[in-house]
1. Most exposed first by the Cβ proxy, i.e. fewest other Cβ within 10 Å, how do Ser222, Ser342, Ser443 rank?
2. Which value, in nm² and rounded to one decimal, describes the direction-averaged projected area of the C-alpha convex hull of region 252-435?
3. Tell me, how many Å apart are the Cα centres for region 342-416 and for region 283-299?
4. Restricting to DSSP loop positions (anything but H, G, I, E, B) with no more than 13 other Cβ atoms inside 10 Å of their own Cβ, which GluC sites (Glu not before Pro) remain in region 38-142?
5. Report the full-extension gain for the segment Asp492 to Glu62: residue separation times 0.36 nm, less the Cα-Cα distance, to one decimal in nm.
6. Dividing the alpha-carbon Rg of region 231-307 by 2.2 N^0.38 Å yields what?
7. Report the gain in length on full extension from Asp393 to Arg416: 0.36 nm times residue separation, minus Cα-Cα distance, nm rounded to one decimal.
8. At R0 = 30 Å, how high is the FRET efficiency between Thr28 and Asp380 if r is their beta carbon distance? Nearest 0.05 is fine.
Amino acid sequence: MIAGFVDGATLVGGSAGAFDVIDPADGTVVQAVGLAGASEVGDAVAAAQRAFPAWASATPGERGAALLAMAERVAARASEYAEVESRQTGKTLRLATEFDVPGSIDNAIFFAGAARQLEGLASGEYDATHTSVIRREPVGVVGSIAPWNYPLQMAMWKVLPALAAGNTIVLKPAEITPLTTLMLAEDAAAAGIPAGVLNVIIGRGPEAGEALVGHPDVAMVSFTGSTPVGRRVMEIAAGRAARVHLELGGKAPFVVYDDADIEAAIQGAVAGALINAGQDCTAATRIYAQRPVFDAIVEGVAEVLGRIRVGDPRDPDTDLGPLVTFAQRDRVAGFVDRARGSGATVVTGGEVPGGELAKGAYYAPTLVTGASQDAEIVQDEIFGPVLVALPFDSDDEGLTLANDIRYGLAASVWTRDVYRAQTAQRAIRAGTVWVNDHIPIVSEMPHGGMKQSGFGKDMSKYSLEEYTVVKHVSWDISGDVRKEWHRTIFADRTPETR
């Protein structure tokens, strides 16, 4: 059984056992994989360390060409990537085909060019006797842990800026969704990326993940996942003062003012909430609608949710596939059941579908009202197709409620008033704020959060900078034996008395 891809070759076996990758649409086994432990992690880190000097010294053009060749290989297998991604996650084939795979390819093309565009302060004389130069250099071996919701895209978000900047990497995908990451490693090797530059280890967090984060030769840790696990990653990395990049949970507010285009807001709320079955840290999860339009928003969202087609993710007519695992489905159901038991109203959904759908990890698209701002269903990340709607009166109250959360990853505001929009985009504490839309991302713009949503950026040139160390090089241009500043050390500056 494959347990990873290390030093340019498939890793077979695994010291921590085996694992079945399950299709959550019907519970069938997609593929059995091996699980690596600390020993395999050590081998992967050693391979990355050996490969680092040559890869770091390659020209930006050489690194960019290799990434572009990798992008071309992924593009040539786009339909296969989409099929495997759909099977291991349960996401609709339409989403994988039209979003995950082309977005990943676009990211690779972007970073192939960005590798040649690292920027810094201009060289110059900032005092009379020295020329200063800024260098951006790779950090070293990067240990990355990617989540299960967007396996291919998140692998790309980790791999591309790290490699473009000259680092080598050991990437641990989620053990429940590792298959497209393995495909990527194979395509990277076939594209000419040298052995040891990109290594993949399949394993569980407590064994492989913690071994990777704690390895003394891992110079930087990049993690995407839940906030509690992110805290654990930071705790381990802090023990050896390693650099940490975290993209954690989210609970995005969706603020609708009374002058908004109501139909657009309704469509946007449903689309923003159901992207990837709601398993998206930027998904619209908390609708705050100003009281004059609150009822219309609730009625409209409920009506659209009621028309969502739940079913086989490979069926082109399906809108919503299953959640990634049965355990995740039950977790989502628990949030809704507890909210219902606490007096909230489930306007639509709120149940596990029966019939043929009972064979998979499906959950009905759900709208909840009547919860309090401090309720669990409002404050905690659910990661499923569940929307909660609350009213507000004044503009200030709406923004206060939007910010009344420990997360700060993404948000949107819906209004026709440019001044309201400007006020909101300044006031909302989130890494991304959309105006009259929710979800779209592009390779050229950064993705990352505030507060307990983490720190550091994915995508864009800002992501590339995360994976570099800034070095100041200072050149003496005076030629003097005794420098002017030496008088702070020597009482007599004459050569005769030195």
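1. Ser342, Ser443, Ser222
2. So the Cα hull casts an average projection of 9.8 nm².
3. Value for the Cα centre distance between the two parts: 10 Å.
4. Sites meeting the loop and neighbour criteria: Glu119.
5. Gain in length upon complete extension: 149.5 nm.
6. My calculation over the Cα atoms of region 231-307 gives 1.55.
7. Values: separation 23, 0.36 × 23 = 8.28 nm, distance 1.75 nm.
Computed gain between Asp393 and Arg416 is 6.5 nm.
8. Plugging the Cβ-Cβ distance into 1/(1 + (r/R0)^6) gives 0.45.
Throughout, read-outs are computed from the coordinates displayed, never taken from laboratory work. Not measured: the values here are computed from a predicted model. Ideal geometry is used to build each Cβ from the backbone, glycine not excepted, and the neighbour counts take in all protein chains shown.
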